[in-house]
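These notes concern the structure reproduced below.
The values are calculated or read from the model by the stated rules, or taken from the named source; none is laboratory data. All values derive from a computational prediction rather than experimental measurement. Positions of Cβ are backbone-derived with ideal geometry, glycine not excepted, and every protein chain shown enters the neighbour counts.
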Amino acid sequence: MFVKNNDSSWPKYCCIIITLLFLAVFLVLPLVVVFEEAFRGGIAVYLAAITEPDARAAVVLTLLAAVVAVPLNAVFGIAAAWVLTKFEFRGKSLLLTLIDLPFAVPPVIAGFLFILCLGTSGVLGPWLDAADIRIIFAVPGIIIATLFITFPFVARELIPLMQEQGVEEEQAARSLGASGFKTFWHVTLPNIKWALLYGIILCNARAMGEFGAVSVVSGHIRGVTNTMPLQIEILYNEYNFPAAFAVASLLALLALVTLAVKSALEWKLRRERLLSSFEDGIIGEQPSHEY
Amino acid sequence: MRLQHRQRHFMPGFGISLGYTVFYLSLLVLIPMSVLGLKAFSLDGKVYLDILRDPRTLAAFKLTFGAAFAGAGINLVFGFIVAWTLVRHPFPGRRMVDALVDLPFALPTAVSGIALTTLFARTGLIGRVLEPLGIQIAFAPAGVIVALTFIGLPFIVRTLQPALEDLDPEYEEASLSLGASRLRTFLTVIFPSLRPALLSGFALAFARALGEYGSVVFISGNMPMRTEIVSLLIMGKLEQFDYDGATALAVMTLLLSFMILLLLNLLQWRLGRRTQQGG
């Protein structure tokens with residue numbers, strides 16, 4: 001304890017200073033730059049840049065991609081977490097690995113996968129052409145690429161939590177006569193709701209911000225297949241920096257909201273986990289009295 | 001009721017959840033990946049040879065893997081300091097700083113790309129300081145490393161934090177009070193128990209950096225042979241509708257990165273076993 005008080009205060013301050021400097025340069029400054037550049041030309045220029053038709057179309061497409069991709073991946077995440085945590089079966093660890101696979105695939109390659117499958121010269125190309133369905137270089141392609149990139153997010157958050165929670169509560173509900181759906185709705189869902197929301201928030205942030213995969217399948221048609229990140233790229237490459245940063249500032253705002261909701265949820269989750277481990281502690285002690 | 005108790009799957013919904021999981025996974029991930037695999041096998045060997053002989057390929061692979069390695073390495077050092085500070089040295093505003101660590105994860109890569117470029121370019125806030133010193137970051141290989149460091153930071157900090165929380169300060173205090181120097185305490189007491197977490201954080205940051213595209217394309221300047229990453233090379237092939245070349249590059253990238261990740265996992269598994277046996 002003496003060690004702590006006198007001579008060990010300098011490493012402490014060194015650590016804090018290095019941390020704050022490093023994070024200031026790498027995290028705070030880029031964020032400041034986004035807003036500074038966005039408002040450099042004044043509010044009027046800013047407002048014009050984000051209400052211009054192409055920018056508005058990009059916002060709508062980005063929202064559309066997220067609105068489709070996030071719920072689909074959330075439903076998948078719940079199903080996958082349910083089967084992986086409530087049951088024992090052969091091939092379980094393989095399934096777990098495969099769910100993580102999209103994390104290890106570079107986004108550009110992910111986009112390319114769907115060109116190979118659904119593009120004009122792809123596997124389903126002739127068939128899609130005959131049916132006059134366009135997926136690649138059109139809106140559906142953007143949604144599919146977004147689905148792939150955000151695929152594991154919800155499952156990833158749910159699996160560890162549901163593993164920890166076990167099956168006792170569900171089994172109790174079942175033995176009391178609840179139906180399968182009722183058990184899920186009244187027992188499981190309330191237990192996982194914050195983790196589910198957490199996964200959805202992360203999934204949404206990635207869905208709205210994805211660049212590489214979407215860029216490959218988009219074809220960059222202005223006002224039609226440009227999402228916000230792609231619109232930023234076009235504006236930036238045209239040296240229209242104020243407009244590029246204006247659109248970027250909207251996404252930066254989304255990132256800040258995501259971080260705020262995320263840390264609020266983390267706090268809630270931690271408290272809930274503490275509470276449940278406390279309850280487990282009490283219940284866990286009882287059997288020892290019986291024997 | 002009693003019969004149900006004895007059933008193997010007393011929990012409901014096994015069939016439907018497994019079926020849906022496998023169906024959705026196949027549709028979105030497995031089938032597209034297999035299509036790439038099949039295409040890779042059907043390619044003429046000449047396509048691969050052409051790609052391998054192209055000096056641009058080698059330069060891009062060197063830069064991508066090298067910069068990913070360097071970025072993850074820088075994060076190993078600074079990420080450790082950040083995680084250590086956040087866990088061990090409470091200071092005012094720590095909760096906010098802690099939340100901010102996830103920014104690279106939440107901020108779309110195109111946004112971080114243009115922000116970092118503006119910051120590190122010759123006229124930028126940081127570039128202006130480094131330029132007279134002869135250090136060029138934006139539009140140079142160093143810019144790629146900066147972007148990948150930015151992207152990888154949360155992965156290392158978030159894997160280290162729980163490991164550091166589990167680390168009991170009593171061991172360090174014991175080591176210090178027995179007369180060991182601070183460096184020795186760090187190397188023999190703290191470092192060994194953090195090795196698995198450091199390794200898995202490194203692997204996560206490295207994997208993410210290998211595929212990173214959005215933040216890199218802006219800051220790198222995309223000069224062939226000098227600042228061109230593999231993802232950009234693939235993008236170039238796609239723009240020329242050279243799907244054979246893109247397939248060859250994609251498969252080579254995937255194989256190489258899977259191999260490295262497998263290696264890191266094996267290393268971690270062995271380390272984990274050794275720590276367990278030791279403990």
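Key figures for this structure:
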quantity: Top-ranked residue of the range B:105-126 - restricted to ones that are more than 7 Å from every other protein chain (Cβ to nearest Cβ) and not in a loop (DSSP other than H, G, I, E, B), ranked as modelled with the lowest pLDDT; calculated: B:F105
quantity: Residue in the range A:210-228 that is surrounded by 15 or more Cβ atoms within 10 Å (Cβ to Cβ), closer than 25 Å to A:F103 by Cα and of a type in the set (F, W, Y) present; calculated: yes
quantity: Condition met for A:L158 (of a type outside the set (K, R), over 17 Å from the mean Cα position of the chain (by Cα) and either surrounded by fewer than 21 Cβ atoms within 10 Å (Cβ to Cβ) or modelled with pLDDT of 90 or more (or both)); calculated: no
quantity: Complete set of residues in the range A:27-64 that are among the hydroxyl-bearing types (S, T, Y) and touching a helix residue (DSSP H, G or I) at 6+ places or on another chain (Cβ under 6 Å); calculated: A:Y46, A:T62
quantity: Conditions (1) surrounded by 13 or more Cβ atoms within 10 Å (Cβ to Cβ); (2) basic (K, R); (3) out of contact with any helix residue (DSSP H, G or I) (no Cβ under 7 Å at 6 or more places or on another chain): number failed by A:R90; calculated: (1)
quantity: Test: B:F69 is more than 30 Å from A:L256 (Cβ to Cβ), in contact (Cβ under 8 Å) with a residue 60 or more places away in the chain and surrounded by fewer than 20 Cβ atoms within 10 Å (Cβ to Cβ); calculated: yes
quantity: Qualifying residue in the range A:174-188 (condition: under 30 Å from B:P32 (Cα atoms) and surrounded by 13 or more Cβ atoms within 10 Å (Cβ to Cβ)); calculated: no
quantity: Tally, over the range A:229-248, of residues that are of a type in the set (S, T, N, Q) and surrounded by fewer than 24 Cβ atoms within 10 Å (Cβ to Cβ); calculated: 2
quantity: Criterion violated by B:K237 - all others in (1) within 27 Å of B:L36 (Cβ to Cβ); (2) assigned to a loop (DSSP other than H, G, I, E, B); (3) of a type in the set (D, E, K, R) satisfied; calculated: (2)
quantity: Matching residues in the range A:10-42 - criterion: being of a type in the set (K, R) and at the interface with chain B (Cβ under 7 Å from one of its Cβ atoms); calculated: A:K12
quantity: Qualifying residue in the range B:36-43 (condition: of a type outside the set (A, V, I, L, M, F, W, C), within 13 Å of another protein chain (Cβ to nearest Cβ) and touching a helix residue (DSSP H, G or I) at 6+ places or on another chain (Cβ under 6 Å)); calculated: yes
quantity: All positions within the range A:123-153 that are aliphatic (A, V, I, L, M), under 25 Å from the mean Cα position of the chain (by Cα) and either within 12 Å of chain B (Cβ to nearest Cβ) or over 23 Å from A:E210 (Cβ atoms) (or both); calculated: A:I136, A:I143, A:I144, A:A145, A:L147, A:I149
quantity: Among residues of the range A:231-256, those that are over 15 Å from A:I43 (Cβ atoms), more than 25 Å from the chain's Cα centre (by Cα) and not in a loop (DSSP other than H, G, I, E, B), counted; calculated: 4
quantity: Helices (runs of 4 or more DSSP H) enclosed by the range B:28-96 - at least 2 residues per element that are closer than 21 Å to A:L20 by Cβ; calculated: B:55-88
quantity: Of all residues making up the range A:226-282, the number that are more than 8 Å from chain B (Cβ to nearest Cβ), over 30 Å from A:Q165 (Cα atoms) and small (G, A, S); calculated: 3
quantity: Some residue of the range B:166-189 being at pLDDT 90 or above and either basic (K, R) or more than 30 Å from A:V214 (Cα to Cα) (or both); calculated: no
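A quick yes/no check of all residues on (1) in contact with a helix residue (DSSP H, G or I) (Cβ under 8 Å, 6 or more places away or on another chain); (2) within 22 Å of B:T149 (Cβ to Cβ); (3) not acidic (D, E):
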{"position": "B:E173", "(1), (2), (3)": "yes, no, no"}
{"position": "B:L176", "(1), (2), (3)": "yes, no, yes"}
{"position": "B:S181", "(1), (2), (3)": "no, no, yes"}
{"position": "B:A209", "(1), (2), (3)": "yes, yes, yes"}
{"position": "B:R226", "(1), (2), (3)": "yes, yes, yes"}
{"position": "B:A250", "(1), (2), (3)": "yes, no, yes"}
{"position": "B:L255", "(1), (2), (3)": "no, no, yes"}
{"position": "B:I260", "(1), (2), (3)": "yes, yes, yes"}
{"position": "B:L266", "(1), (2), (3)": "no, no, yes"}
